[in-house]
Amino acid sequence: MNRASWSSLLLKRRSLKELKQIHAQGIVQGFLQFQPSSCRILNAYADFGRAREAEMVFNQIQDPDVVSLTSLISLYLQTDDPRKAFSVFAATLWAGHKPDSFAIVGAISACGRNENLGHGKIVHGMVYRLELVEDVFVSNALIDMYSRNGRIHTAEAVFSSMGVKNVVSWTSMLHGHIKCRDLESAYSVFNEMPERNAISWTAMITGYIQSEDPVRALQFFRWMRIDGEIPTVVTLVGVLSGCADIGALELGQSIHGFMCKTSTDSDLTLLNSVIDMYSKSGSVETAEEVFKSMPQRDVYTWTTIISCFASHGNGSRALEMFSEMLAAGIKPNEITFVAVISACSHAGLIEEGRRWFHRMRDFYLLEPKLEHYGCMVDLLGRAGHLDEAQGLIEGMRVDPDGVIWRSLMSSSLVQGNLELAIESGKKIIELEPDDDGVYVLLWNLFASGERWKEAQEVRKLMTSRRVKKKPGCSWIEVNGIAYEFLVEDKTHHLYEEIYSVLQGLTVFRSRTLGCWFFFFVRRIEHYHFAFA
């Protein structure tokens, strides 16, 4: 075997086992004394994501060139280790090598993922010295780096100065605004894009999901399908999350059907999202059917189905699933224990909840977080153990948030302990001064006890902080389209008919109500088919 045939064999490797055999043959034949051969082996290990083996090969190269150094940088980025990636870039400079555009892009990406603006600016300065300003890939990396570091205006300046922009450039700018929670600017960039792809559509959908605007996210998904763009797995996960948030069961079912048609129903992450969607839409039986049909299950699959039963009040069934999970050899994670303790709370299993809370820390070495403490406070509060719940909060290793105090407040009201409820409410106001609901609740508590002076103080505090009562909101899904309505909302084009139906609901009896509601639904269906 000569070097040419060995290199040809290396290109045809199909598995890590074959690669190791070829590597061993290269050592025996002495091919690795030649730098190009070592670089090929290094790149091959990088393709499999094997950082340890690639690093060992790199350390054996006597005089690594820029190509081998860049391969190692890319590998560390691939394995999500940006610190090491930038260290290799620094070693490249220290060795006297002139970095090429690939090395520069790797260094900029490392600064972005590591959120190191100082190093990023230094590399940006090198871009000018190396005359790489016109390189579109370098500019795209700079946009991403500045966006990740919260410098969106600098990212916009880089974008504006680009002579040539590709779809990645536009998408990078789009992602930048979404990272900075500026969906209005992201939408403007999206509308200006001369060309869109699945990534740009997905960015907008996930952006609205993260901003807790699932209705808008589902609208974008519908426009994406109309535009003829094929959704990716990431897109479908985001849309299923949106369906779960507002209970859009009909659309969720259609996406599940789409998965079956496109053979994506074997993707574990997607199936986990499907179970979650059916669970939050109230279809517990369907969620369990999907779970049982899965050939493979990971810890997130088990956690999702446990949460499904727990959230629907079937704590006993949730704990049965947890026992099956442990019997299958699956190690629970922190989210699993949130579901388990929540299940104990719903089932009233106080001792069981205490036991798993302590086992999580002592046996599984998982330090309780706010979510676990919150579940335990809820468990103890439901059972009337308010003193123990309060003691648990005071002994927490982390500062309690508003959710925990809200849980104690709710339990105190149920148990009739108004003083503890008032104390908890004051804690919530300290932590979340914009929470309008707590002000109203506290005012009602003081008023019910005829403590008018304190009630007036709550109202004055609410006025001075300009806290206004947020309008309630609800959703309805018709033919896969989700509609959002606010209290006294008159922005919908059919608001006159809607209010007419609402007036009818207060006057007519059940049979007449059904007719009015059917009329309202048919009007929305007519609008959907006329303008969709």
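The values are calculated or read from the model by the stated rules, or taken from the named source; none is laboratory data. What you are looking at is a predicted structure, and each value in this text was computed from that prediction instead of being measured. Virtual Cβ from ideal backbone geometry, glycine too; neighbours counted across all protein chains shown. Just the protein is used for accessible areas: all its heavy atoms, side chains included, with ligands, DNA and RNA removed. Shrake-Rupley method; radii C 1.70, N 1.55, O 1.52, S 1.80 Å.
Brief remarks follow.
- Failed criterion for I230 (all others in (1) of a type in the set (V, I, T); (2) assigned to a loop (DSSP other than H, G, I, E, B); (3) surrounded by 22 or more Cβ atoms within 10 Å (Cβ to Cβ) hold): (3)
- The helices (runs of 4 or more DSSP H) falling completely within region 401-487 that include 2 or more residues that are within 23 Å of L386 (Cα to Cα), open to solvent by less than 70 Å² (accessible area, probe 1.4 Å) and at pLDDT below 75 map to 436-448.
- Region 29-50, subset surrounded by fewer than 17 Cβ atoms within 10 Å (Cβ to Cβ) and assigned to a helix (DSSP H, G or I), residue modelled with the lowest pLDDT: Q35
- Whether a residue is more than 19 Å from N114 (Cβ to Cβ) and open to solvent by 70 Å² or more (accessible area, probe 1.4 Å) was assessed, and V67 passes this test.
- Among (1) open to solvent by less than 30 Å² (accessible area, probe 1.4 Å); (2) not in a helix (DSSP H, G or I), the one test that G96 misses: (1)
- Selection status of F309, part of a helix (DSSP H, G or I) and in contact with a Lys or Arg (Cβ under 6 Å, 6 or more places away or on another chain): yes
- Condition met for I22 (among the hydrophobic types (A, V, I, L, M, F, W, C) and either open to solvent by 50 Å² or more (accessible area, probe 1.4 Å) or in a helix (DSSP H, G or I) (or both)): yes
- Qualifying residue in region 317-331 (condition: free of Cβ contacts under 8 Å to residues at least 12 places away in the same chain, among the hydroxyl-bearing types (S, T, Y) and open to solvent by 10 Å² or more (accessible area, probe 1.4 Å)): yes
- Count of region 284-301 residues which are part of a helix (DSSP H, G or I), over 12 Å from S273 (Cα atoms) and in contact (Cβ under 8 Å) with a residue 12 or more places away in the chain: 3
- Considering G381, G353, G395, G374, the condition of being loosely packed, with under 15 Cβ neighbours inside 10 Å and either more than 30 Å from the chain's Cα centre (by Cα) or under 26 Å from R317 (Cα atoms) (or both) is satisfied by G395 alone.
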